[in-house]
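Chemist: Attaching a single structure in structure tokens format; questions to follow.
The values are calculated or read from the model by the stated rules, or taken from the named source; none is laboratory data. Everything numeric here is computed off the predicted structure, so don't read it as measured data. Cβ placement follows ideal geometry from the backbone for every residue including glycine, while neighbour counts extend to all protein chains displayed.
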């Protein structure tokens, strides 16, 4: 079957622990399959926040625990990370998190509905080799997709530890003129991910983007 989107990830088999595998049996209790699900669930909360590619979910868990009045939607394709998140949700009795266990573009490739107040994309796969740059998630078209699902004055946070990806992201943001730059006041609320830590340990700078949707 022909894919509509060029994959921005490689679904390696990877290692899944017994605990993660057990937790995955409860995925149906947390998963959403379309925007209508999210709109319905978010009606019970003050805000709705999306994190794309939550990895092992440090930021998502921290945010959900700190802001129980907000609904958090996490998108991830790797089962190990999803299993880790569900394990934490169950152990800490976190009720305000939903999971989209697939390519986020499949969720956004639907009839649009302005539902998200804030979107995080923390260190997406950089695809560092030149011939793989076409697989990078963030480009002008993807930002247009995001914009359709963001509320008035909704905020967008992106980070990357690859300078040429940062340059590409900035170019894409400037190209479509859908967002306005904010100061860095939101940076401190993001829990540093393992990918950001790894980048710093390997001597790379973390580039951070804080933007607001132009209404």
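Chemist: Can we say residue 77 is assigned to a strand (DSSP E or B), under 14 Å from the mean Cα position of the chain (by Cα) and within 28 Å of residue 151 (Cα to Cα)? Quick ask: steps written out before the conclusion?
Modeler: On the way: assigned to a strand (DSSP E or B): no; under 14 Å from the mean Cα position of the chain (by Cα): yes; within 28 Å of residue 151 (Cα to Cα): yes.
No.
Chemist: Does region 24-35 contain any residue that is touching a strand residue (DSSP E or B) at 6+ places or on another chain (Cβ under 6 Å) and under 22 Å from residue 213 (Cα atoms)?
Modeler: No, region 24-35 contains no residue that is touching a strand residue (DSSP E or B) at 6+ places or on another chain (Cβ under 6 Å) and under 22 Å from residue 213 (Cα atoms).
Chemist: While we're looking at this one, here's another question. Looking only at region 24-52, how many residues end up being part of a loop (DSSP other than H, G, I, E, B), more than 18 Å from the chain's Cα centre (by Cα) and surrounded by 14 or more Cβ atoms within 10 Å (Cβ to Cβ)?
Modeler: Result for region 24-52: 2.
Chemist: Taking region 98-114, which residues are in contact with a helix residue (DSSP H, G or I) (Cβ under 8 Å, 6 or more places away or on another chain) and part of a loop (DSSP other than H, G, I, E, B)?
Modeler: Result: 101, 109, 110, 111, 112, 113, 114.
Chemist: Something else: Among (1) over 10 Å from the mean Cα position of the chain (by Cα); (2) within 24 Å of residue 15 (Cα to Cα); (3) surrounded by 19 or more Cβ atoms within 10 Å (Cβ to Cβ); (4) at pLDDT below 95, there is one condition residue 63 misses while meeting the rest; what is its number?
Modeler: Tallying (1) over 10 Å from the mean Cα position of the chain (by Cα); (2) within 24 Å of residue 15 (Cα to Cα); (3) surrounded by 19 or more Cβ atoms within 10 Å (Cβ to Cβ); (4) at pLDDT below 95, residue 63 fails exactly one: (2).
Chemist: Using beta carbons and a limit of 7 Å, which pairs, at least six apart or on different chains, have the first residue in region 35-47 and modelled with pLDDT of 95 or more and the second one in a helix (DSSP H, G or I) and crowded, with 16+ Cβ neighbours inside 10 Å?
Modeler: Partner pairs satisfying both residue conditions: 35/107.
Chemist: Still on this structure: State all residues of region 53-72 that are in contact with a helix residue (DSSP H, G or I) (Cβ under 6 Å, 6 or more places away or on another chain) and not in a helix (DSSP H, G or I); if no residue qualifies, say none.
Modeler: Taking region 53-72 as the starting set, the residues that turn out to be in contact with a helix residue (DSSP H, G or I) (Cβ under 6 Å, 6 or more places away or on another chain) are 54-57, 61, 71-72.
54, 55, 56, 57, 71, 72 - these are the residues of region 53-72 that are in contact with a helix residue (DSSP H, G or I) (Cβ under 6 Å, 6 or more places away or on another chain) and not in a helix (DSSP H, G or I).
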